[in-house]
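Enquirer: Sharing a structure, written as structure tokens. Questions coming.
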Amino acid sequence: MTVVVKKREIGLCRQEIVIEVPAEEVDAEYLRVARDYRRRARLDGFRKGKAPLDLIRQRFAEAIGEDVSERLAPRYWTLAREEEDVHAMLPPSVGPVEVIPGQPLRFTVTVDVEPEVEIGDDRSFELPQPETDPTEAEVDEVLEQVRLERSTWVPVDRAAARGDRVRGKVHRAAMPGYDEQAAGDGDDNDDDNRGPASHDIDLELGDERVWPELTDNLTGLSAGQTATFERVEQEDNIERQRRYDVEVHEVLERKLPDVDDDWAGGLAASIGSVDDLLENLRSQVEARKIEAARQQRTDALLDQLRERYPVDLPEAVVEREALQMARSYANNLARQGVDLEQQQLPWEQMMEEIRPQAGKRAHASFLLDRIAREDGIEPTPQDLERALEVMARARNTHRGRLRRELERDGGLEMLKIELRRDRTVQALLEVDAPTDQSAGAREEPAAEEEG
């Protein structure tokens with residue numbers, strides 16, 4: 001049965017398709033919907049479900065017509081898509097639909113479709129082969145990180161140096177021209193950052209998060225000593241000098257633990273000696289380097305794939321990718337406890353900055369989908385269950401509950417698409433895969449990873 005009446009190109013990768021539903025199918029669906037309404041309708045003078053069908057058709061004509069169109073349009077769009085071999089990149093836009101019993105139903109669908117591109121049989125790429133064996137220097141660096149994480153701070157009776165910790169107080173002078181009486185009484189009104197204020201400080205000299213002026217002026221001071229410095233600050237886009245007075249209450253130095261078997265054995269149940277610790281850290285470094293190498297190879301693969309098959313994608317596809325990236329960024333901020341409403345992030349500027357990267361990602365996703373379709377690549381049920389398990393742990397929920405939530409909002413299908421793309425990337429990487437590369441640390445890591 002042919003359901004497509006007319007199809008025409010109306011722009012870059014955009015088609016307009018006129019679809020027709022036979023009159024007998026319209027009437028059959030109309031009858032089914034009308035009977036559903038009769039079963040639920042309560043009309044004066046009739047018991048529930050017993051009103052005449054003609055009266056139901058008359059009373060609920062508009063609502064019945066809407067329900068019929070909502071049922072038939074998706075069904076016949078699917079038939080039309082299969083009939084014309086349409087590969088839609090976005091959900092279609094359906095024009096107005098008017099249902100008239102006894103007549104065929106025609107409606108128009110506007111859809112963004114895949115651009116024409118011929119994917120060749122060549123699946124090989126020139127990919128980097130980064131070194132993944134850990135060096136002694138890299139292992140030593142991670143060992144120092146572990147020692148830093150488990151270091152202690154002890155007070156010292158000497159002048160502070162870079163790397164020391166200083167506790168004390170900082171007094172902020174008012175900005176030039178500040179009117180204390182107009183701002184309210186009280187010398188410690190920190191609600192107005194133009195006025196004077198005092199704060200306790202507890203900071204590490206040389207830390208990149210600390211003002212350089214503080215590090216410079218606290219270096220060389222001992223407990224009980226003070227210093228004064230000026231710092232350039234902006235007020236209403238005007239640079240002004242502001243004075244600060246600092247006083248040192250205590251200087252502390254970092255004490256690193258000795259690397260011996262007793263200390264190593266207290267880090268994890270699986271570690272009993274320094275040798276065990278070094279082997280653990282070596283495995284950790286190797287796992288990181290293997291993952292970094294895989295990412296380098298993936299990036300190179302996608303770059304070459306885009307270069308090999310250039311395409312012009314519909315703008316709506318790139319816009320959707322940019323929105324997804326922005327939502328992902330916002331969700332990450334929210335998980336970190338950032339109040340997005342108070343932050344008032346510049347979303348329009350962010351979208352403009354994201355759009356070029358979104359175009360590259362959409363381009364790569366399109367090509368991976370095409371290759372997956374041509375090569376018959378699909379994720380396995382095990383792939384899906386593993387992904388759900390990881391997501392459930394990250395969200396602190398049950399896998400079954402997560403699956404139901406994803407099924408309700410269409411997220412499960414999107415997850416399957418992402419898994420298929422991952423499978424496709426892996427298949428392409430394996431064409432030029434280096435030998436003897438298996439990721440994963442052999443022991444539970446002793447050092448915590450950031451991010």
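Enquirer: Sort 70-83, 109-122 by the packing proxy (mean of other Cβ within 10 Å over each peptide's residues), most packed first.
Expert: Answer by packing, highest mean first, reads 70-83, 109-122.
Enquirer: When the dipole is taken about the Cα centre of the range 308-390, and only Lys, Arg (+1) and Asp, Glu (-1) are charged at their Cβ, what size is it in debye, to the nearest 20?
Expert: Charge dipole of the range 308-390: 180 debye, to the nearest 20.
Enquirer: Rounded, prolate or oblate: pick one for the range 216-338, where a ≥ b ≥ c are the square roots of the eigenvalues of its C-alpha gyration tensor, a/c under 1.5 means rounded, and failing that, prolate if a/b is larger than b/c, else oblate.
Expert: Verdict is oblate for the range 216-338.
Enquirer: Further question: How long are the semi-axes of the equivalent ellipsoid of the range 249-310, defined as square roots of 5 times the Cα gyration tensor eigenvalues? Whole Å, largest first.
Expert: Computed over the range 249-310, the values are 42, 20, 7 Å.
Enquirer: Leaving ligands, DNA and RNA out of it, report the carbon-plus-sulfur percent of the accessible area of the chain at a 1.4 Å probe.
Expert: On the way: 12110 of 27560 Å².
Answer for the chain is 44 percent, counting heavy atoms of protein chains only.
Enquirer: Using Cα pairs under 8 angstrom and six or more residues apart, how large is the relative contact order of the chain, in percent?
Expert: Details: 603 pairs, mean separation 67.7, N = 451.
Here the relative contact order equals 15 percent.
Enquirer: Right, something else. Given that just one value was derived from the coordinates, which of [x] 33; [y] 63; [z] 28 is percent of Cα pairs over 34 Å apart?
Expert: [y]
Enquirer: Among 45-53, 9-17, what's the highest-first ranking by average C-beta atoms within 10 angstrom per residue?
Expert: Values: 45-53: 11.6, 9-17: 15.0.
For the peptides 45-53, 9-17, the packing ranking is 9-17, 45-53.
Enquirer: Give the accessible surface of the chain per residue, rounded to a whole number of Å², with probe radius 1.4 Å and ligands, DNA and RNA excluded.
Expert: 61 Å²
Enquirer: Can you give the helix-only mean residue ellipticity at 222 nm for the chain, where every DSSP H stretch with n ≥ 4 adds -39500 (n - 2.57) and the sum goes over all residues, rounded to the nearest 500 deg cm²/dmol?
Expert: Numbers: 14 runs with 215 residues, N = 451.
Result for the chain, helices only: -15500 deg cm²/dmol.
Enquirer: Under 27 Å from the Cα of LYS169, which lysines turn up, not counting those fewer than eight places away in the same chain?
Expert: Here the lysines satisfying the reach criterion relative to LYS169 are LYS255.
Enquirer: Now for a separate question. So what are the ³J(HN,Hα) numbers for the range 197-204, from phi and the Karplus equation (6.51, -1.76, 1.60; θ = phi - 60°), rounded to whole Hz, Gly and Pro as x?
Expert: Per residue, the Karplus-derived 3J(HN,Hα) values read 6, 10, 9, 6, 10, 8, 9, 9 Hz.
Enquirer: Also, I was wondering about something else. What's the local net charge at HIS249, with K and R +1, D and E -1, over the other residues with C-beta under 11 Å away?
Expert: -2
Enquirer: Highest mean first, what order results for 285-291, 333-339, 152-158 on Cβ atoms within 10 Å?
Expert: Ranking, from highest mean packing down: 285-291, 152-158, 333-339.
The values are calculated or read from the model by the stated rules, or taken from the named source; none is laboratory data. Source: prediction; values computed, not measured. A quick note on method: Cβ atoms are made from the backbone with ideal geometry, for glycine too, and the neighbour counts reach across all protein chains shown. Keep in mind that these areas ignore ligands, DNA and RNA; they rest on the heavy atoms of the full protein, side chains included. Shrake-Rupley method; radii C 1.70, N 1.55, O 1.52, S 1.80 Å.
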